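Beneath this line is the structure, given in structure tokens, with notes to follow.
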Amino acid sequence: MINLSYSSSMAFTFTDVNVVREKPRLKRLSVLVLKDSVMAKIIESLKKLSVEHNTRKHDDNRTIKRKRELTLSIEEAVSLDHNYVLAVCGTQSDPEFRIGAALSNHTCAIYSVGESLNRTATLTHNQSPIAGIRFSPTSRNILYTATNSGYITACDLRAKGKIVAEFKDSTEDGKMKPLCSFDVSCDEKLIAGGTEHIGGDTFILFWDARYTNSKLNDKNNLLGGYWESHMEDVTSLAFHPRKEDILASGSIDGLINIFDLTQPSEDSALTYSLNTESSVDRIGWLNDDNLWCTTHNSLQLWNCDGATPYAKFERSDLAVFQNCEPDDCYIDRVHASNVFGQPFLLAGCNSVKGDNLRCLSIINDRLETYYNMMGNKQVVRDSWLHEKSGSLITVGEEGLINIWRQTETMPIEQTPSHKLVAKIGTSKGRDRQHRTKPY
């Protein structure tokens, strides 16, 4: 566990305290002695497990809304060598925007998107599998990539992808910790990387993102890390989209942890711990107090202080809309934007009948088809939404980039008043210092 103090000026301080057990050391990190009050908090959180969630009644009042299709407007083969496109990210610039695609051959392809798709660069500096890809929150010219070898690099697309900053684990033993997730804070001051389970521990590492080319060889750019909150690989990290000091993490151990990075230690920073009872694949923020989570078997919607998810949908629920077996269904991610009218889940089905793909809304405690998507040819690995143009970009196992846009069709009946996502932001106020651990 680290003793990490984070302020708006990005000054981290580390205070030495008593060590309760021997752990592998990171520079400037220390361990906090657990307090007796923790047991009282655990008892209090266990009481929440016996409280039933309020049941939501269906409203029969119907409103007419036009059903829309997402039409495949652009299709581009990124690779002709049967490489998967594993991840995609983009910029919200307008009218043209950029997207970056991470391939299974460790390269990144950069495109400019307008009426057509124009490839502008190919980054080849990565020497190991890519664990994540992000554009800078403040610049369309800076692209971050994280790799399994433990490196996070920032490339300047104005200089043909030149590496202008590098972030790595610079612990005393010199051994790199393999990364399997990362994210950048909304103010681009902090980078977090989640590691695999190594040597009996799993780490969330932190770097100051404001390192320039002059400090590429600086071996002390690691700010610190947490290592007590997860027991298995940290598969997903998500900074809050508006609160730069709030970080959520998901792991194979089934936990979603939410940290307040302004606190001086890992124990006090861990404000909420949610037990999904499954292996976490991806997480994301729906609103200030709500998250979505995809596991390898389900979609779950959580309130930060909930003992259980307020909505959960299994593969069998998806199979109804895909007309295929549950084992053939897969979940991509939730898009929390309202640019299409409401947040939606992107899910697909890979079977002998083809590669079906649909956008699903959540109405009256159930999933409903919100957008049909005709012409998909691949299992989708990732997706990204450009809000100003309403363009949904999907990438996948056939090495294709697909760009989908809206087309109006027939009118249908829907009940938007009962979207479960409308629950987002309705949680009661609570003490941020209190941590719940419902497991």
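The values are calculated or read from the model by the stated rules, or taken from the named source; none is laboratory data. As the structure is a computational prediction, the values presented were derived from the model and not from experiment. No Cβ is skipped: glycine too gets one built from the backbone with ideal geometry, and neighbour counts run over all protein chains shown. Quick note on the areas: whole protein, heavy atoms, side chains included, nothing else; ligands and nucleic acids left out. Shrake-Rupley method; radii C 1.70, N 1.55, O 1.52, S 1.80 Å.
What to note about this one:
- Considering only residues in the range 182-192 that are touching a residue at least 60 places away in the same chain (Cβ under 8 Å) and assigned to a strand (DSSP E or B), the one that is farthest from S251 (Cα to Cα) turns out to be L190.
- Qualifying residue in the range 281-289 (condition: at pLDDT 95 or above, in a helix (DSSP H, G or I), buried (at least 20 other Cβ atoms within 10 Å of the Cβ) and among the aliphatic types (A, V, I, L, M)): no
- The range 127-146, subset of a type outside the set (A, V, I, L, M) and over 19 Å from the mean Cα position of the chain (by Cα), residue farthest from S104 (Cα to Cα): S139
- Residue that is surrounded by the most Cβ atoms within 10 Å (Cβ to Cβ) [pool: residues in the range 296-321 that are free of Cβ contacts under 8 Å to residues at least 40 places away in the same chain and part of a strand (DSSP E or B)]: Q300
- Of all residues in the range 334-346, exactly one satisfies the criterion of being open to solvent by less than 20 Å² (accessible area, probe 1.4 Å) and without any contact (Cβ under 8 Å) to a residue 40 or more places away in the chain, namely F344.
- Spans of strands (runs of 3 or more DSSP E) in the range 120-175 with at least 1 residues open to solvent by 50 Å² or more (accessible area, probe 1.4 Å): 130-135, 162-167
- Output for the range 94-121, where each listed residue is of a type in the set (A, V, I, L, M, F, W, C) and touching a helix residue (DSSP H, G or I) at 6+ places or on another chain (Cβ under 9 Å): I110, A121
- Within the range 354-369, considering residues that are open to solvent by 10 Å² or more (accessible area, probe 1.4 Å) and out of contact with any helix residue (DSSP H, G or I) (no Cβ under 9 Å at 6 or more places or on another chain), the one farthest from I283 (Cα to Cα): G354
- Residues located in the range 238-277, provided they are open to solvent by 20 Å² or more (accessible area, probe 1.4 Å) and polar (S, T, N, Q): T262, Q263, S268, N275
- The one condition in (1) surrounded by fewer than 17 Cβ atoms within 10 Å (Cβ to Cβ); (2) over 26 Å from V280 (Cα atoms) that N402 fails to fulfil: (1)
- Single residue of the range 213-226 satisfying the filter (in a loop (DSSP other than H, G, I, E, B) and open to solvent by 10 Å² or more (accessible area, probe 1.4 Å)) that is modelled with the highest pLDDT: N220
- Qualifying position, being buried (at least 20 other Cβ atoms within 10 Å of the Cβ) and either among the charged types (D, E, K, R) or more than 17 Å from the chain's Cα centre (by Cα) (or both), among C324, C349, C293: C349
Per-residue answers, yes or no, for (1) at pLDDT below 95; (2) more than 19 Å from the chain's Cα centre (by Cα); (3) closer than 20 Å to L270 by Cα:
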{"position": "N148", "(1), (2), (3)": "no, no, no"}
{"position": "E166", "(1), (2), (3)": "yes, yes, no"}
{"position": "D169", "(1), (2), (3)": "yes, yes, no"}
{"position": "G174", "(1), (2), (3)": "yes, yes, no"}
{"position": "G193", "(1), (2), (3)": "no, no, yes"}
{"position": "I204", "(1), (2), (3)": "no, no, yes"}
{"position": "D208", "(1), (2), (3)": "yes, yes, no"}
